[in-house]
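The values are calculated or read from the model by the stated rules, or taken from the named source; none is laboratory data. Keep in mind that this is a model prediction, so the values were computed, not measured. As a convention, Cβ positions derive from the backbone with ideal geometry for all residues, glycine included, and neighbour counts pool all protein chains shown. Accessible surface areas use protein heavy atoms only, side chains included; no ligands, DNA or RNA. Shrake-Rupley method; radii C 1.70, N 1.55, O 1.52, S 1.80 Å.
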Amino acid sequence: MFSKGLNCIVASSFITLFSGIAFANSWGVDPVHSVALYKIKHMDAGLNYGRFNDVTGKITFDPKNPEKGSVEINIKADSVDTANAKRDGHLKSPDFFNAKQFPVISFKSKKIEKKKNSANKFLVTGDLKMLGKTKSVTIEVEHTGVGKDPKGNEIAGFHLEHKLKRSDFGMNYMMGPIADETTIIISVEARKS
């Protein structure tokens, strides 16, 4: 009897202990509720925006142990959309994204760390691959929240804005009239796998 009671206490203690630990969860990027945008200065005057309609990937994330997480994002270059078919066709050509030869723009993390003095921002270092060139970048990512969809599935949000030079990836067409510096904006909603 004493042995059974002791076993119950030990089991209960383990349940309490482990329920307080947030294990890393795997999240699949929801392409319907995720968006990838870019912003670039045109002719030294206005700011032009474009979006990519096909964003997929997976995220492994534990806010208490961010260093154990990982991020993989894939964007189909052919899905670029500026609300102008002629311009979209040019952007898909070898002058810009060269979507036929390099169909995917990808990011794969190598390191994640919590940003100092911030509860929900992280520094994610990894390889950004575009136009066949791979560059190591460190991107600040904000964990925007966790909720539930109408079916009760747990979802999580992540957001980033990051500046890069398109010339670093060999995209040099119309350099000057079209700026080199580009801002990428990615907002992801992911569902727990």
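If you run the Gaussian network model on the chain, springs between alpha carbon atoms under 10 Å, then out of 91, 47, 160 the most flexible one is 47.
Measuring nothing but how far apart in sequence close Cα pairs (under 8 Å, 6+ apart) lie, relative to its length, the chain scores a relative contact order of 22 percent.
Could you rank 90, 162 by how accessible they are, 1.4 Å probe, largest area first?
The residues order as 90, 162, largest area first.
Applying a threshold of 23 Å to the alpha-carbon distances of 121/163; 86/135; 100/163; 76/129; 110/133; 129/165 flags 86/135; 100/163 as lying beyond it.
Please compute the net charge surrounding residue 182, taking Lys and Arg as +1 and Asp and Glu as -1 over other residues with Cβ under 14 Å from its Cβ. My count for the surroundings of residue 182 gives +3. Per residue, the chain exposes 60 Å² of solvent-accessible protein surface, assessed with a 1.4 angstrom probe and all protein chains in place. Residue 129 contributes about 100 Å² of solvent-accessible surface, heavy atoms of the protein only, 1.4 Å probe.
Give me D for the chain in µm² s⁻¹, whole number, from Stokes-Einstein with Rh from the Kirkwood sum over alpha-carbon pairs, 4 °C and 1.567 mPa s. It diffuses with D of about 69 µm²/s by this estimate.
Taking Cβ atoms as reference points and 11 Å as the exclusive limit, the residues near residue 88 contribute a net charge of +2, counting Lys and Arg as +1 and Asp and Glu as -1.
Excluding same-chain neighbours fewer than eight residues apart, the aspartates and glutamates reachable from residue 58 by a Cα-Cα span under 20 Å are 30, 67, 72, 113, 127, 140, 142, 149, 154, 161, 189.
The gain in end-to-end length when the residue 163 to residue 140 segment is fully stretched comes to 7.2 nm, 0.36 nm per residue minus the alpha carbon separation.
Surface composition of segment 26-96: carbon and sulfur atoms hold 53% of the protein heavy-atom accessible area at a 1.4 Å probe. Charge tally for residue 169 (other residues, Cβ to Cβ under 10 Å; Lys, Arg +1; Asp, Glu -1): +4.
Placing a label point 7 Å from the Cα of residue 43 along the Cα-to-Cβ direction, the residues of segment 171-187 with a backbone N closer than 14 Å are 177-179. Stretched out straight at 0.36 nm per residue, the stretch from residue 113 to residue 151 would grow longer than its current Cα-Cα span by 10.5 nm.
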